[in-house]
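> This is the structure, below, for whatever I ask next.
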Amino acid sequence: MADPSPLGAKVRSLRRREGMSQARLATRLGISASYLNLIEHNRRALPAPLLIKLADVFALDLRELSADHDQRLQADLLEAFGDPLFDPHDLTAAEVRELAASYPPVARAVLALYQGYRGAREAVDTLTAKLTDGDLSGVDSTRLPTEEVSDLIQRHMNHFPALEQGAEELWRRARLDGEDLYGGLCRHLRDAHGIRVQLETTAAMRGAMRRYDPERRVLHLSELLRRGSRNFQLAHQVGLAEQQDALRRLAEDPMLTSDPARALARVALANYFAAAVLMPYERFLEAARAERYDLELLGHRFRAGFEQTCHRLTTLRRAGAEGVPFHMVRVDVAGNISKRFSASGLRFARFSGACPRWNVFSAFTTPGMIRTQLSQMPDGTTWFWVARTVRKEGGGYHAPHSLLAVALGCEVSHARELVYAEGVDLESRTALVPVGLTCRLCERMDCEQRAFPPLQHPLDVNENVRGVSFYAPVSDG
């Protein structure tokens, strides 16, 4: 007999949401009410034919029933309840997981409330600072469009077939040549759209890297852009001109609740299209496999930056032609996560700081050098990481620049496919670096870098004994 289905609670939740009795739903599914009752209590499997019928009855996107979707909801809810705000309520991780599994709509509503609370708290902080300065502008927003766009990309697993197809059609229609991609894209913009490309000095661009004048149909590019970056901006402009329907359709997703979020999504998706033009799917995947995912070599071959190359590797999710399932994160020196995506299954913090033991942070100590790491999460899963800093130039001696760190990682089972794993003992227990999601969700009490007490354990302070950290339990005997 098949293993019991873990989807029973979801079926029960869907049925109750529609105000439908077990008998009525059983009739529509063509099964007995007693069999449906067993399914809802996870005592019988939910076979594929019934799953398809359920999707039809409830007009359901089957992705909502995926284990990955469920785990993301649980992880987000656990992180939210990790806020010290909830400490007096003595909630356990098991209770939070049960809420997410049994009542997904309620869990999502709680998350929405918490996100609103976080946004309001940040707005109050901003307002306080601006009142001190006498400036009240720009304090009316409590939602983060960047989070909504990030969630949209994650739900699509950072793979958009329509944009991939559009990039491939552009190569055929414009007869692009990899040796002169810049010239080919300039010709295509001129011949197909009447857009002229013009390079400008830094002073003329007034800090912009790309500026399009729709009235004169002139695309201005900064002299600061290197060849690969110029190609990227040209391809981005082609995407805005030729992929309007696809961009608009994707940006109309209900997950995006504001005009800024939809506008940001169109920009992010146009960037996706640009990367697909610079690094065509089949050729890039073939090269990645042949070169064992050598990031710097791939970047040189396709004239893409380190971050662009890492990001493109996370998009290789075409059915039947998948690359290594990577996760990617970008942080600044303050620990702020400005980009995150996971096809590997690794969860990233949304509401609190990330674990400082990740090598993405140690990359700042050796700028420009690739750092590797073999890490293990509290649940025993093991990951292989590659991290390096990237510099965003401001242009000119006095112009500011920023230093960021980008990390790309995968499950250790895929590490042998990467050139960076050569000479690394992937079975070594001593080489493992114990890491966590956030301090509040990590159960490791012996971590000298712990900044907050864990959600799972109450704060126990011994005035007479000092452990590896203030929050580590110690014995005075």
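The values are calculated or read from the model by the stated rules, or taken from the named source; none is laboratory data. Only a predicted model underlies this, so the values are computations on that prediction, with no experimental measurement involved. Cβ coordinates were reconstructed from backbone atoms using ideal geometry, including for glycine residues, and neighbour counts include every protein chain displayed.
> Regarding SER5, is this residue crowded, with 18+ Cβ neighbours inside 10 Å, of a type in the set (Ser, Thr, Tyr) and either at positive phi or at pLDDT below 75 (or both)?
yes
> Spot the failing condition for ASP191; the list is (1) part of a strand (DSSP E or B); (2) surrounded by fewer than 14 Cβ atoms within 10 Å (Cβ to Cβ), and only one is missed.
Answer for ASP191: the failing condition is (1).
> Here's something else I'd like to know. Can you go through THR365, THR389 and tell me which one is exposed (fewer than 15 other Cβ atoms within 10 Å of the Cβ), free of Cβ contacts under 8 Å to residues at least 60 places away in the same chain and of a type in the set (S, T, N, Q)?
THR365 is the lone residue from the list that is exposed (fewer than 15 other Cβ atoms within 10 Å of the Cβ), free of Cβ contacts under 8 Å to residues at least 60 places away in the same chain and of a type in the set (S, T, N, Q).
> Given the options SER413, SER338, SER344, name the one that is within 25 Å of PHE284 (Cβ to Cβ), in a loop (DSSP other than H, G, I, E, B) and either at pLDDT below 95 or not β-branched (Val, Ile, Thr) (or both). I'd like the intermediate steps shown before the answer.
Values: SER413 fails: in a loop (DSSP other than H, G, I, E, B); SER338 fails: in a loop (DSSP other than H, G, I, E, B).
After applying the criteria, what remains is SER344.
> Pick from the stretch 256-266 the residues that are surrounded by 15 or more Cβ atoms within 10 Å (Cβ to Cβ) and of a type in the set (A, V, I, L, M, F, W, C): which of them is nearest to ALA112 (Cα to Cα)?
Per the criteria, the residue is LEU256.
> Please pick out the residue among LEU247, LEU269, LEU221, LEU298 that is among the hydrophobic types (A, V, I, L, M, F, W, C), surrounded by 20 or more Cβ atoms within 10 Å (Cβ to Cβ) and outside the structural domain of ASP177 (by TED's automatic domain parsing).
LEU298
> Being at pLDDT 95 or above and either part of a loop (DSSP other than H, G, I, E, B) or surrounded by fewer than 23 Cβ atoms within 10 Å (Cβ to Cβ) (or both) is the requirement here; does PRO325 meet it?
Values: at pLDDT 95 or above: yes; either part of a loop (DSSP other than H, G, I, E, B) or surrounded by fewer than 23 Cβ atoms within 10 Å (Cβ to Cβ) (or both): yes.
So PRO325 passes the test.
> Continuing with this model, one more query. List the residue pairs whose Cβ atoms are under 6 Å apart, where the first residue sits in the stretch 112-125 and is closer than 13 Å to ASP83 by Cα, the second is at pLDDT 70 or above, and the two are 6 or more positions apart or on different chains.
TYR114/ALA80
> May I pose another question? Being crowded, with 20+ Cβ neighbours inside 10 Å, more than 20 Å from the chain's Cα centre (by Cα) and either modelled with pLDDT of 95 or more or in a strand (DSSP E or B) (or both) is the requirement here; does ALA405 meet it?
Spelling it out, it is not the case that ALA405 is crowded, with 20+ Cβ neighbours inside 10 Å, more than 20 Å from the chain's Cα centre (by Cα) and either modelled with pLDDT of 95 or more or in a strand (DSSP E or B) (or both).
> Answer yes or no as to whether ALA288 is surrounded by fewer than 21 Cβ atoms within 10 Å (Cβ to Cβ) and outside the structural domain of LYS392 (by TED's automatic domain parsing).
Criteria not met by ALA288.
> What are the pairs, 6+ residues apart or on separate chains, where a residue within the stretch 148-159 that is closer than 15 Å to ALA263 by Cα and not assigned by TED's automatic domain parsing to the domain that holds SER342 has its Cβ under 7 Å from a residue that is in a helix (DSSP H, G or I) and not small (Gly, Ala, Ser)?
VAL149/LEU264
> Return the pair list, or none, for Cβ contacts closer than 6 Å from residues in the stretch 79-95 that are surrounded by 15 or more Cβ atoms within 10 Å (Cβ to Cβ) and part of a loop (DSSP other than H, G, I, E, B) to residues that are at pLDDT 80 or above and among the aromatic types (Phe, Trp, Tyr), at least 6 apart or on different chains.
LEU91/PHE81
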